[in-house]
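Working notes, beginning with the structure itself.
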Amino acid sequence: EVSPGHLRDAVEAANAALRQWTQTAQPLYWARAKYALGNAFAALGNHELGTESFLRAVDAYNDALWEFDPQGSPVEWLRTTKNLARVLVDLGDRESSTGHVQQAIAQFGNVLTMVTAASDPGTYGWANYYLAACYETLDGRGVPDQFPKAIEALRAALDGYNREAFPELRAEVQADIG
């Protein structure tokens, strides 16, 4: 595990890169530095009790997505969108409101526009599994009609988590379904 001190160094390194690479002059390098900044803040947020680093990660990932698009940079767009969705889940876990959980749901939906169970079964299963967790969170916070969506997402996760490649994850999902 990386120490908070090393993560703060990573934040400073990404910020130094951003001072060199502007969005106008080097948009892809700038977006990659924003992505790295998002990763550093997301990891730092896991070492902290509050939400400030997670919020900064969300901002950095959203900035990177200004340059990474599904058509021009599909791999970087998908990677950034996945990380954004995951940090929104982390943020939603620390808050009592539902806003960030709902944003995470939207981002997992974006991920699922780019992958199928056949094209990328691991990502497909992962996105649906976390989508189900988001629906369960909303259900637990009193938002109506979320539990059936969670079960539907878990069933979709099984399409990605096939027996051959992902036996443990598949078993976990099956246990969650009941």
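The values are calculated or read from the model by the stated rules, or taken from the named source; none is laboratory data. Not measured: the values here are computed from a predicted model. Glycine gets a Cβ as well: all are built from the backbone with ideal geometry, and neighbour counts include every protein chain shown. Please note that ligands, DNA and RNA were not included when accessible areas were found on the heavy atoms of the full protein model with its side chains. Shrake-Rupley method; radii C 1.70, N 1.55, O 1.52, S 1.80 Å.
Some observations on this one:
- Which of 105, 49, 30, positive extreme of dipole for the stretch 1-144 (C-beta unit charges): 30
- Split the accessible area of the stretch 19-97 by element, probe 1.4 Å, and carbon with sulfur accounts for 51%.
- The listed peptides 8-20, 146-158, 76-88, ordered by packing as a protection proxy, come out as 76-88, 146-158, 8-20 (highest mean of other Cβ atoms within 10 Å first).
- When you filter the chymotrypsin sites (Phe, Trp or Tyr not before Pro) in the stretch 27-74 for DSSP loop state and at most 16 other Cβ atoms inside 10 Å of their Cβ, you are left with 66.
- Placing +1 on the Cβ of every Lys and Arg and -1 on the Cβ of every Asp and Glu, with nothing else charged, gives the chain a dipole about its Cα centre of roughly 280 debye.
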